[in-house]
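Undergrad: This is the structure I have questions about; it appears just below.
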Amino acid sequence: MNSTSSPGSRSGLPGRLKRPRLYEQLAEHISNFIEAQGLSPGDRLPPERSLAAELGVSRASLAQALVALEIRGRVEIQHGNGAVIREAPTPDAGRSADSGVRLQDRTVDELTAAREAIMAGLARAAASNPNAALRVAMLTDDGTARNFAETWRCVRHLAGGGLLADLDDTIAKQADVPESSAPLSARLDQLAHRIIDGDQSGAADAVAGILSETA
């Protein structure tokens with residue numbers, strides 16, 4: 001009796017294809033939209049609320065896609081202006097940038113600035129999380145922010161992982177963690193309340209300089 005086997009079980013065939021995450025699909029879709037509409041550097045994308053409704057996705061997923069495009073240099077997210085189109089990077093420039101970066105060759109200041117940029121994107125995505133109860137859970141029972149490690153764990157959870165979380169994991173191994181201090185506690189409290197209020201721009205602004213807060 002002849003035995004049969006499924007195509008996926010045959011020796012030598014490739015494994016199961018990795019499906020792109022939603023925010024990656026969104027980023028590609030928005031990039032194609034930019035090209036199709038002939039948008040030029042300086043032009044703005046529609047507001048996030050209307051763009052998310054038009055695409056049929058959550059604002060959290062859209063925020064992650066926009067941050068991914070910002071990292072690629074395709075858009076710049078500006079306070080009060082939304083996502084602004086930038087000059088499209090050339091493929092060669094992108095490859096040289098990707099292949100030439102070694103974190104151990106970077107200065108502390110460079111690593112700190114890079115991680116704060118990543119953290120700003122995660123904070124923006126966390127503030128766009130539609131679950132208000134989860135956002136409020138960032139605070140302790142007495143209504144204050146938790147310490148840096150616990151606050152950032154909450155931000156990461158609200159942001160939903162993805163590319164920025166992977167980058168944060170990588171660079172966090174090289175960048176310093178701020179020591180506990182009164183200024184840091186005040187900044188964490190500001191960050192938590194901006195996220196709770198759903199203020200994406202305010203949450204991103206609250207991250208600026210947070211890694212260098214001292215007593």
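The values are calculated or read from the model by the stated rules, or taken from the named source; none is laboratory data. It should be emphasised that the depicted structure is a prediction, and the values quoted were computed from it without experimental measurement. The area values use the complete protein model at the heavy-atom level, side chains included, leaving out ligands, DNA and RNA. Shrake-Rupley method; radii C 1.70, N 1.55, O 1.52, S 1.80 Å.
Undergrad: Based on the Cα gyration tensor of the stretch 115-189, what are the three equivalent ellipsoid semi-axes, each the root of five times an eigenvalue, rounded to whole Å and given largest first?
TA: The three semi-axes for the stretch 115-189 are 19, 18, 9 Å.
Undergrad: Ignoring ligands, DNA and RNA, what accessible area per residue does the stretch 99-215 give at 1.4 Å, in Å²?
TA: So the stretch 99-215 comes to 50 Å² accessible per residue, rounded to a whole number.
Undergrad: With the Cα gyration tensor of the stretch 150-215 in hand, convert its eigenvalues to equivalent ellipsoid semi-axes via √(5λ) and list them largest first in whole Å.
TA: Sorted largest first and rounded, they come to 18, 17, 9 Å.
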